[in-house]
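Participant: Input: one structure, supplied below.
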Amino acid sequence: MAHPAGDDDPFEDVREQASNPMGRLFIGYGRGYVSYFLVGVVTSIFARLLDLLPPVLLGIAIDSVFRDDVPFDARLPFSWLPEAWLPVTPEGKFWFTVGVIGLSFGSAAIFHWMRNWGWNSFAQKIQHDVRTDTYDEMQRLDMGFFADKQTGELMSILSNDVNRLERFLNEGMNGALRLGVMVLGIGGVLFALNWQLALVALLPVPLIAGFTYVFVQLIQPKYATVRSSVGTLNSRLENNLGGISVIKSANTEVYESERVEDVSMEYYDANWDAIRTRITFFPGLRLLAGIGFVITFTVGGLWVFRGAAPGPFSGTLQVGSFVTFILLTQRFIWPMAQFGQIINMYQRARASAERIFGLMDEPSKIPDDPEAPALEVTDGEVVFDSVTFGYEEESIVEALSFRAGTGDTVALVGPTGAGKSTALKLLLRMYDVDEGAIRIDGQDVREVSRSGLREHIGYVSQDTFLFYGTVMENISYGSQDATEGEIIEAAKAARAHKFIEELPDGYDTKVGERGVKLSGGQRQRVAIARAILADPEILILDEATSDVDTETEMLIQRSLQELTENRTTFAIAHRLSTVKDADTIVVLDEGKIVEKGTHEELLEADGLYANLWGVQAGEIEDLPETFVERARERLIDGEPVLED
């Protein structure tokens, strides 16, 4: 089924591929909590049946106590009781009826509490499992998936959609069972009292069923559109809140307000379309239910008033029976009208379930065999063997071949967009190579478990991300068993200890969302301390000191020299002075290796590396015109840069 918002819904395809989402919800998750489900079902049945007793007992009191038209022991449910239990005097019958009514209310209250406990436990536990499983499946997907999706869309599924399932499992399931019990129970009582008048009361039922069917057909695609527009709105808000500093500095508050207004209006239009259908449907149901009630009251009232059956009807109708009939008919018709609410809730839950299970079923482009062995690092030798990778038809790196021996430092340099970061993300299996292979101590990284691979590799990115929490928690992230002393030593090695001590709460200082309370250089030093603490056999430094001043960079470089002395290290740098002492410098341009060697060898070769070095040394006038022209073309063409 295509939906209007399909062009803006990144989950449209997976949503449509989600097979039997509600069945999966109940079978896959519900069977683990059958005991709570049964408590909810059984207690709901008893609670609803007890709710029917007071109107029935009221009719008995009118006919058998106050009017004495019908024998007390001839009316259900008293006809089921032993005759010795029943009183014989009018006053005794009155107080006996009062006692049974009071007992029914008290018992119903207990069963209603148990009903709520059962349904809420069932719904909450499933909600917890679905949310954690969805997140677990999502975080195992490859980075290409996250490149195509917005955070707000994913948050909408993990929060709004999962919560909508919980509401249906609690309120919707409870309401559906209540509807079934009330309809069957009341229908049984009505037919027992007067089957002819019961048929009159049931006249609106076929109309209500047909009206509800039409509603379901209309509302289902509209709710799918609403769910899509919610995700789009969340994505816009999440984007803007995350980039609030850019918005303020660029003075684009008015522009962003207009963009938020646009997506909010899209949500408004989609939601209002569904609301118009819903608010038309429910009054229509009430009207049908009301007509049925009026007809039943008219026929029954004439029957009692005249003392004879009107029209084609036969027999007699007692006053008490008529009062019971009217009270129960109202309880019968209104649950039928509420059937639309349950269908409405079900359709919203189904739309959410499609998105949830669609996300769960999203295949990862990087398969991870659960039986794959863990990586065994002995020497730490890393070999890139004719590695090629690209996005769709866009080639990013092509035929990369180089080797990092035990304890070697290999630097990757080149213009922006040359493919340096992508090459090392392939080593981490953030993506999988299209051709060729990457081997660590002879083991293809695709043939070992991802977790076993990554626990041996430390990665410090130029885009330093810190989690909301304390400085100490961020340094120890990934090494949660580290002692406080080990954390402090790692911070000292990263030249971070001094500034941390000067923070308001030292190592217990909260860094804020994404580390916003720290400067860029401070965040990088915390990230380096994290890598030092992890003590991996292979280390990747992706512009690890790009945000620190020259003096701090010098001190950090000394620490990194100690850190990298006995481990295989890969370093990406635009500031070539930081990698000139590397054992091998690999120069990339447009995804290909154009030069390879030591600093001195590359300067002597007088190629791209020598020109880049000349730029940073301030020797602009000595650069060849072809190099300058090439740089100008990059700037003018604005060639796409997917990864550095």
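Please treat every number below as a calculation from the coordinates, not as lab data. None of these values were measured; they are calculated from a predicted model. Please note: Cβ atoms are built from the backbone with ideal geometry, for glycine as well, and neighbour counts cover all protein chains shown.
Participant: If you take the square roots of the eigenvalues of the alpha-carbon gyration tensor of the range 464-535 and sort them as a ≥ b ≥ c, do you get rounded (a/c under 1.5), prolate (a/b over b/c) or oblate?
Facilitator: Taking the square roots of the gyration eigenvalues as a ≥ b ≥ c, the range 464-535 is rounded.
Participant: Would you mind calculating the gained length between ALA437 and TYR468 on full extension (0.36 nm times residue separation, minus the Cα-Cα distance), in nm to one decimal?
Facilitator: Full extension of this stretch gives 7.5 nm more.
Participant: Grab the Cα-Cα distance for TYR135 and VAL216, subtract it from 0.36 nm times how many residues apart they are, and report the gain in nm with one decimal.
Facilitator: Numbers: separation 81, 0.36 × 81 = 29.16 nm, distance 3.06 nm.
Taking TYR135 through VAL216 to full extension adds about 26.1 nm, to one decimal.
Participant: Classify the range 368-479 from the C-alpha gyration tensor, please: rounded if a/c falls under 1.5, else prolate or oblate depending on whether a/b exceeds b/c. Walk me through the numbers on the way to the answer.
Facilitator: Working: a/c = 1.57, a/b = 1.21, b/c = 1.29.
Cα axes put the range 368-479 in the oblate bin.
Participant: Taking the Cα-to-Cβ direction at VAL246 and at ARG286 and moving 7 Å from each Cα, how far apart do the two end points lie in nm?
Facilitator: It works out to 4.9 nm between the two label points.
Participant: Moving on. Can you tell me the FRET efficiency between HIS128 and THR277 if r is taken as the Cβ-Cβ distance and R0 is 30 Å, rounded to the nearest 0.05?
Facilitator: Working: r = 32 Å, r/R0 = 1.08.
FRET efficiency, HIS128 to THR277: 0.40.
Participant: Taking the alpha-carbon distance from LYS592 and a cut-off under 30 Å, which lysines remain once sequence neighbours fewer than 8 residues away in the same chain are dropped?
Facilitator: Qualifying lysines at Cα under 30 Å: LYS149, LYS365, LYS420, LYS425, LYS580.
Participant: Test of understanding: what is the full-extension gain from GLU502 to GLU393, defined as 0.36 nm times their sequence separation minus their Cα-Cα distance?
Facilitator: Length difference between fully extended and current span is 34.2 nm.
Participant: With only alpha-carbon pairs counted, each pair once and no self-pairs, how large is the Kirkwood hydrodynamic radius of the range 13-360 in angstroms?
Facilitator: Here the Kirkwood hydrodynamic radius works out to 23.8 Å.
Participant: Rank these for me by crowding, VAL526, VAL98, VAL181, going from fewest to most other beta carbons within 10 Å. Before the final figure, lay out the partial values.
Facilitator: Working: VAL526 25, VAL98 12, VAL181 20.
Placing the least packed residue first, the sequence is VAL98, VAL181, VAL526.
Participant: A follow-up question, please. Which order do TRP117, TRP303, TRP613 fall in if you start with the one that has the fewest other Cβ atoms within 10 Å?
Facilitator: In order of increasing Cβ crowding within 10 Å: TRP117, TRP613, TRP303.
Participant: I'd like the FRET efficiency for VAL42 and VAL98, computed as 1/(1 + (r/R0)^6) with the beta carbon distance as r and R0 of 25 Å, rounded to 0.05.
Facilitator: 0.35
Participant: What order do you get for LYS222, LYS517, LYS365 when you list them from fewest to most C-beta neighbours inside 10 Å? Let's see the in-between values first.
Facilitator: Values: LYS222 20, LYS517 16, LYS365 12.
Fewest-to-most Cβ neighbours within 10 Å comes out as LYS365, LYS517, LYS222.
Participant: Calculate the dipole size of the range 464-535 relative to its Cα centre from +1 charges on Lys and Arg beta carbons and -1 charges on Asp and Glu beta carbons; express the result in debye to the nearest 20. The partial results should precede the final answer.
Facilitator: Details: 9 positive and 11 negative charges, 89 e Å.
Computed about the Cα centre, the dipole is about 420 debye.
Participant: Only loop residues by DSSP count here, and only those with at most 14 other Cβ atoms within 10 Å; note down the GluC sites (Glu not before Pro) in the range 321-423 that meet that.
Facilitator: GLU371, GLU376, GLU392, GLU393
Participant: Taking 8 Å as the Cα distance limit and 6 or more residues as the minimum spacing, I'd like the relative contact order of the range 464-535 as a percentage. Don't skip to the end; give the middle numbers.
Facilitator: On the way: 101 pairs, mean separation 37.8, N = 72.
Reported relative contact order: 53 percent.
Participant: About its Cα centre, what dipole magnitude does the range 13-360 give when the only charges are +1 on Lys and Arg Cβ and -1 on Asp and Glu Cβ, stated in debye to the nearest 20?
Facilitator: 660 debye
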